[in-house]
1. Please work out which residue is nearest to the other protein chains (Cβ to nearest Cβ), limiting yourself to segment B:139-163 and to residues that are under 28 Å from residue B:246 (Cα atoms) and either under 16 Å from the mean Cα position of the chain (by Cα) or at pLDDT below 95 (or both).
2. Look at segment A:347-381 and say how many of its residues are surrounded by 20 or more Cβ atoms within 10 Å (Cβ to Cβ), within 14 Å of chain B (Cβ to nearest Cβ) and in contact with a helix residue (DSSP H, G or I) (Cβ under 6 Å, 6 or more places away or on another chain).
3. Can you name the helices (runs of 4 or more DSSP H) wholly within segment A:213-319 that have at least 2 residues being closer than 22 Å to residue A:188 by Cα and at pLDDT 95 or above?
4. Which ones in segment B:129-145 are closer than 20 Å to residue B:14 by Cα and touching a helix residue (DSSP H, G or I) at 6+ places or on another chain (Cβ under 7 Å)?
5. Which strands (runs of 3 or more DSSP E) does segment B:25-125 wholly contain that include 3 or more residues that are surrounded by 17 or more Cβ atoms within 10 Å (Cβ to Cβ) and within 19 Å of the chain's Cα centre (by Cα)?
6. Name the single residue that is nearest to the other protein chains (Cβ to nearest Cβ) among those in segment A:212-230 being crowded, with 24+ Cβ neighbours inside 10 Å and in contact with a helix residue (DSSP H, G or I) (Cβ under 6 Å, 6 or more places away or on another chain).
7. What number of residues within segment A:151-175 are in a loop (DSSP other than H, G, I, E, B), in contact with a helix residue (DSSP H, G or I) (Cβ under 7 Å, 6 or more places away or on another chain) and within 18 Å of residue A:333 (Cα to Cα)?
8. Would you confirm, using the coordinates I've provided, whether residue B:191 is within 14 Å of chain A (Cβ to nearest Cβ) and either assigned to a loop (DSSP other than H, G, I, E, B) or buried (at least 23 other Cβ atoms within 10 Å of the Cβ) (or both)?
C-alpha cells in the first residue's frame, strides 16, 4: 500500500531527462516511446508535467524537458489520475460472447479510463477452477487493453452448496484474491462463515452479492411506491440489509475481510457505517447507476433500467452519495453487465438484469459527486483507483502518481459535455441506461504500462 | 386516445366520454339487429398470452358487433407457446395488417411495451397486464355502478359513492385500475385485505386501506367488489394460513351480506371461487350484479374500440 501522495515538484528537468535516457536505453524494442503529459493537473491540483518512460512514471514537475522521440500530450486544464481500477466487471467470456468478450470488454474499460478490471466469475463455465481463471487472465494479457484480474467463484458452479477450490485459484498464475458468487448471494450462513475464514490464509476477500434469496423470489424492482403502482414484484431493501448485517457480524466474529458489492440502500450505508465504527474490516462499493437513477426510471417498463440490486428511491441515492462522500462507501465499481439486445427487448419480468457502465463510470462520478462538490479529484483517485486495487491486493495498480510508480495513467478533460450514445460504445452490448443523457468529461488519454490505450476518447489500435 | 393502456392516462372527461359511448352502445344492443357497421373492414387481433376465456370472448363479441374481423391469437397451440417473443409477435401482426391489438399478458407493462417499443404502430388495448392494470374491467365496473347508483343519469360521475374492494389487492390489476378510475370519477374507495396482500407502497394510493372487512362493511358502502384469490400467483406462499381462515375473515358470507344496506351492490370481476371469497348465495342474490358486469363489458369494449378505431370517433356513434 502506498501512503505518500507527494508529487515531486522538486524533481529537476535534468534528472528527469537523465532518467528517461537511462530508462530508454534499458528498454527493448517493444518499449513504448516516452510520453510527456504537459500541463495537466495531477489529482485536479496544481498543474504539473508528468513524464512516462519505459512503463513507469519517470518524473513529475514543472517545465520538464521532453527527451528525444517523446510523445508530448497537451493536457492543459485536464485532470491527471492514476488509471482507474474496476473491482466489479462482467466480461462474459467464456460463454457469453454474444454480450461481451475479454477483448471488447477491456476495450470498453480502456475507453472508460480503466487500466484494470476484475472479471466476475459468473461465466459459462463458471470461474471456479484455476483453469478458468488462468484462461481469463491470459485472454486479458493478450488483449492488452487493461489488466484483467479474474474473480474466483466462492462456491462450485455458484450453486451456494460447497466451497470451490479457492486456494488453487489464489495460487494459480491468475493470483486470485477476490472471490464472489456475484449474481447470487452466498446465503447459507455457515458456508459464508467458512469462506470468510478460508481466504484468510492467502489474504483474500469475499465480495458478497447481498440478496436474501427467499425475500426476493421473483423480485423485479425495488419494493415501494412505484412497484405497488406498476404491479411488479418487489425487491425489498431489507433483503440486502439483512445479509449485510449478518455478514459484517460474521466477518467480525472470524476476523476476516468482507467486501460488499453494489450496496444500494440507505439502510445498508448505515450498517456499514456502524460496522466500521466497530472496527470490522469491511469495505463497500456503490455503482455509478445507483448514484443517479431511481425506481422512478422503471415507469416506462424499459428493461434497460432493470438491474440487480434494483434502482432504489431518491432517498437511497442521497444516502449512497453521502456514504461515498464520507468514506463509509470505499469505492465506486461499475457492475458493468452487458446483455445482447434480445435479452432486454422483452417484457420487464422476462428481461435480463444489468447495465453496461465501464464507458460512463467516471462521467457519472464527475456528474453526481465532483460537480456537486461532494468529492475532490483526489477522492476520485481514491475511490476509483487506489482503494479498489488495495481491496483486490493488486500492487501494480492504483499506485500514487509519483516517480517510480507504474505508468498506468488517465488524463481526463472534465470540460466537454456530450450526449451518451451506446451505439458509439466499444462494448458489444448497448444496454446503457444513460443513453441520451448529457454527460461531462472526455478521456483524453489512458496509458497502460506506458503505452497509450485511448486517445481523445478512442482506442489506439495497434 | 391512441391506445388504451392504463387508467392513469385518462382524464375525467375522457373516462366519462367512453362511458357515454358505452351507453350508446348498450342502447343499440337492445334492438333486434345488434350488429353495427362501424368497423367494417378493420381487423382486431386478440393477442392472449394468458388464458382468459371471459375477457377474450368479451372483446371478440364487442369487435364483431361493430363488424370488425377478429383474429384470436392465444398462447395454447400457437407460436406463443413455442417461446416466440412479444417483439416477434408484434412484428408479425404489424406485417399482417392488424388494425388494433388487444393484448393480455402475465407481464406487467406488456401492453405499454407493445404500444411504445416501436415494433407495431397500431392502437393497443390492454386486456390485463400482470398485476398492473386492467382498464376495460374498471370501465365496465364503473359503468355497471353508475347504472344502478345513478339511474337515469348517463352523464353522471360517481361523486359521493363509496366502494369497498376486498381481497388479493397485491396481485390484482383490477384493484389498481379501479382505484384510479373510481377516484377519478369522484368515488371514495376502501381496500380491504389481510396485510400481506396489500402492496408495500400502497399507502400512496388515493384510497383508504383497512384490514377489517366487518368494519368496512359497517360504513354502508354503495358497492362491495370481491376479488378472486389468485393462488397461482402466490410466489413464496404463506400469504394467509389457510383458505378457511381467509374465508372467515375476508369472505363475503351470507351473514355479512345481510348487514349491508339494501342498495349496496355486490360485484366480482370473475372468475369466482364460490365459497372462498364469496358465498354462492351472495353471488346469486338480487344485489349481485356480477352477471350484468359481463354484459357491461361488451358495451364498454365496443366503446373503447370505437374511440380508437372509428374514423368518426370524434362524433357520437350514429344509429344505423
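1. If we filter segment B:139-163 for residues that are under 28 Å from residue B:246 (Cα atoms), which is where we start, we get B:140-142, B:144-145, B:161-163.
Filter once more, so that each one left must be either under 16 Å from the mean Cα position of the chain (by Cα) or at pLDDT below 95 (or both): B:140-142, B:144-145, B:163.
Numbers: B:140: 19, B:141: 17, B:142: 20, B:144: 23, B:145: 23, B:163: 19 Å.
Among those that are under 28 Å from residue B:246 (Cα atoms) and either under 16 Å from the mean Cα position of the chain (by Cα) or at pLDDT below 95 (or both), it is B:141.
2. The number of residues fulfilling the criteria is 3.
3. Numbers: elements: A:225-230, A:237-254, A:266-277.
So the answer is A:237-254, A:266-277.
4. Of all residues in segment B:129-145, those closer than 20 Å to residue B:14 by Cα come to B:133-145.
Once the filter is applied, which keeps residues that are closer than 20 Å to residue B:14 by Cα and touching a helix residue (DSSP H, G or I) at 6+ places or on another chain (Cβ under 7 Å), segment B:129-145 yields B:133, B:134, B:135, B:136, B:137, B:138, B:139, B:140, B:141, B:142, B:143, B:144.
5. On the way: elements: B:43-48, B:69-74, B:100-105.
Output list reads B:43-48, B:100-105.
6. Result: A:220.
7. Qualifying residue count, segment A:151-175: 0.
8. Criteria met by residue B:191.
The values are calculated or read from the model by the stated rules, or taken from the named source; none is laboratory data. Everything numeric here is computed off the predicted structure, so don't read it as measured data. Glycine gets a Cβ as well: all are built from the backbone with ideal geometry, and neighbour counts include every protein chain shown.
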